[in-house]
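Worksheet: one structure, shown below.
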Amino acid sequence: MSLVLNTKASTMPSQLEQLPRNHAFSILAKIMQDLKITPKEIKKHFNNFDGLMSKHGDTSWKYAEQWMIDPSQPGEIEHKMEECIWTSTIIYTIGRWNKDKSFTADFT
């Protein structure tokens, strides 16, 4: 806010106020390094999504909040949609990969 009369205060947030922008792949990399979310821990809740969320929902939310969308940027929506598509592709592909069998593209 400007204290000088007849001048406009900047509506742009300062660099300090702006949150860092994270690509979905960067967030996936952080999740993979999180010791609270190991494959062994996830397997405990394989058929119990509610149990997984009650134990790790706060952690999931922390990562979800890091994925920012700025609709004022040209092409941002399309870019973020592409991030979602590629992230889903990675998650489902890795989830269905098995070193002993061929890849099964059955995501049910």
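Going 7 Å from the Cα of Ile69 along its beta-carbon direction, which residues of region 30-51 have the amide nitrogen within less than 14 Å of the resulting point?
Output list for this probe position: empty.
Could you please state how large a percent of the accessible area of region 20-94 is carbon and sulfur, counting protein chains only and using a 1.4 Å probe?
66
Spelling out what I want: for every residue of region 43-55, take phi, set θ = phi - 60°, compute 6.51 cos²θ - 1.76 cosθ + 1.60 (Karplus), and round to whole Hz; glycine and proline get x.
Computed from phi, the couplings for region 43-55 are 4, 4, 10, 3, 9, 9, 4, 4, x, 4, 5, 5, 8 Hz.
Which ³J(HN,Hα) values in Hz, rounded to whole numbers, follow from the phi angles of region 65-72 under the Karplus curve 6.51 cos²θ - 1.76 cosθ + 1.60, where θ = phi - 60° and Gly and Pro get x?
Karplus values, whole Hz, x for Gly and Pro: 5, 6, 8, 9, 10, 10, x, 6.
Mind checking Rg over Rh on region 22-76, alpha carbons, Kirkwood formula for Rh?
Here Rg/Rh amounts to 1.09.
Set the bar at 25 Å for Cα to Cα. Now go through Lys55/Lys99; Lys44/Lys99; Lys30/Lys55 and name every pair that lies beyond it.
Violating the 25 Å limit, Cα to Cα: Lys55/Lys99.
The values are calculated or read from the model by the stated rules, or taken from the named source; none is laboratory data. Everything numeric in this text was worked out from a predicted model, so none of it was measured. Methodologically, a virtual Cβ is constructed for each residue, glycine included, from the backbone with ideal geometry; neighbour enumeration extends over all protein chains shown. When the accessible area is computed, the model is the full protein with side chains, heavy atoms only, and any ligands, DNA or RNA have been set aside. Shrake-Rupley method; radii C 1.70, N 1.55, O 1.52, S 1.80 Å.
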